[in-house]
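Beneath this line is the structure, given in structure tokens, with notes to follow.
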Amino acid sequence: MGIRRTSRRVAAALSGLVAMLLGGPFAYRAWLVEAAPAPRTVTVVLGDVERTVTALGKIEPRDYVDVGTQVSGQLKRLHVDIGDQVTKGQLLAEIDPTVYETRVRAGRARLADLKAQLAQRQAERDLARAQAARNRQLFAEGIVSRDTVETAESAYRVADARIASLTAQIEEAEATLRGDLANLGYTRIHAPMSGTVVAREAVEGQTINASQTAPTIVRIADLSTVTVRAQVAEADVVKLAPGIPAYFTTLGMPQRRWETRVRQILPTPETVNDVVLYNVLLDVPNEDGVLASDMTAQVFFVLEAARDVPVVPMEALTRTADGYQVRVLSEDGVVTRRVEIGVTSRTAAAVTSGLAVGDQVVVGDAPVRAASTAPGRPRLRGPLL
């Protein structure tokens, strides 16, 4: 009985093998049709395409001033801190005024002394003038000699010269006093502009030396408008010009886009690691204050743009001798279609003719046939047997 069962199994296996060999081509063909993956497609949609130059930049205040001191001394009081809002003319800091107050008092005393001397010399001159006039009259009457007349006139001229000297000394003392008063005023440092204190370089009690350079105490910046200083490679900067549109994002807010235009291209480059970079400046309003100094910005300079046009990925395009072509998934299968494109970026192209919104373009490898297969059905990836 066991032998009979074994014989039946062998017979069945032989029958299946014969059937496979006889129907092999047809079975293989059907297997290929079912196994071939559907081509990967992308739908043509309306969108924007931009040809841009990209660069990294830093955000900085457009208008700022480093507030320093014009006189030396100990920083007695500092009335502001980083982040404070200040208005033009507001008192920021005070230098110890003791030395400068002393100079002013000494200058005023010297000036008063010189003015007193001047009054004395003027009285002496008036007396010498009267004596010279009287001696001339007596000489005419023969009462005094000529020597007496000449002596009196000489005394008058000396008195007048002394007055001129004192007048010059008074002018010098007044000028010195004005300088001392100015230095005394410089001990009270006021804000030259309205803005935000963004840096503080000194602390109370510190001795400030302004003999050679004016030391900075605080920096005030107007953050209502900021400047992006973008560094553009020399190969790309020739494509830019003042006024062209641009936009940028920041590392902290990559989803937000700030629109602006190029204000200025600085003519002097910087060399960083043997790379020549040019600074391009862009201004943008900052009413909400979210842009801060030294933030990193990713800047995009828009050289050319197409808006609300059919867009296809660049990988779907094949360049030909007379233009471009794409493969489109239609009711007849994957067919080739010639297209004309406009603005291109690194990843996408704007289609000017040859495609419509909603078309399914093939990306990747797929055979092209005058297909009898409906769209989306797996296609045969090899020759029929």
Rh (Kirkwood; distinct C-alpha pairs) - segment 291-348, Å: 14.5 Å
Whole-percent carbon and sulfur share, accessible surface of segment 209-339, 1.4 Å: 49 percent
Contour excess over end-to-end distance, with Cα ends at residue 222 and residue 151 and 0.36 nm allotted per residue: 18.2 nm
For segment 147-226: accessible area per residue (Å², 1.4 Å): 55 Å²
Per-selection metrics, segment 134-193 (Cα): Rg and Dmax in Å: 24.2, 78
Probe 1.4 Å, protein heavy atoms only - accessible area per residue of segment 228-366 in square angstrom: 53 Å²
Size of charge dipole - segment 51-191 - debye, nearest 20, with Cβ of Lys, Arg +1 and Asp, Glu -1, no other charges: 160 debye
Order of exposure, largest accessible area first, which applies to 211, 330, 145 with probe 1.4 Å: 211, 145, 330
Cα Rg over Rh - segment 55-100, Kirkwood: 1.12
Rounded Å value of the spacing that divides the Cα centres of segment 148-188 and segment 295-341: 88 Å
Interatomic Cα distance distribution for segment 75-159, bins of 5 angstrom, percent: 3, 12, 11, 9, 8, 7, 7, 6, 5, 5, 5, 5, 5, 4, 4, 3, 1, 1, 0
Segment 64-136, accessible surface, carbon-and-sulfur percent (1.4 angstrom probe): 47 percent
Farthest positive-ward along segment 38-141 dipole, Cα basis, beta-carbon charges - from 111, 97, 61: 111
Amide H contacts under 5 Å for residue 40, placed H, 5+ residues apart: 363
Residue order for 247, 186, 324 - accessible surface, 1.4 angstrom probe, largest first: 186, 324, 247
Neighbourhood net charge (10 Å Cβ-Cβ; Lys/Arg +1, Asp/Glu -1) for residue 159: +2
Solvent-accessible area of residue 65 with every protein chain in place, 1.4 Å probe, in Å² to the nearest 10: 40 Å²
Residue 340 accessible area, 1.4 Å probe, all protein chains in place, Å² to nearest 10: 90 Å²
Cα pair distances in segment 108-219, grouped into 5 Å bins until the bin that holds the longest one, percent each: 2, 10, 12, 11, 9, 8, 7, 7, 6, 5, 5, 4, 4, 4, 3, 2, 1, 0
Per-q log10 I(q)/I(0), segment 92-136, q = 0.22 Å⁻¹ (Debye; single scatterer per alpha-carbon; no solvent): -0.77
Calculated from backbone phi, Karplus (6.51, -1.76, 1.60) coupling profile of segment 289-297 in Hz, x at Gly/Pro: x, 7, 8, 10, 4, 6, 5, 8, 10
Relative counts (whole %) of C-alpha pair distances in segment 177-319, using bins that are 10 Å wide: 8, 25, 25, 21, 12, 5, 2, 1, 0
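The values are calculated or read from the model by the stated rules, or taken from the named source; none is laboratory data. Note that the coordinates shown come from a computational prediction; the quantities given were computed from them, not determined experimentally. Positions of Cβ are generated from backbone atoms using ideal geometry, with glycine treated the same way; all protein chains shown enter the neighbour counts. Side chains included, ligands, DNA and RNA excluded: accessible areas come from the protein's heavy atoms. Shrake-Rupley method; radii C 1.70, N 1.55, O 1.52, S 1.80 Å.
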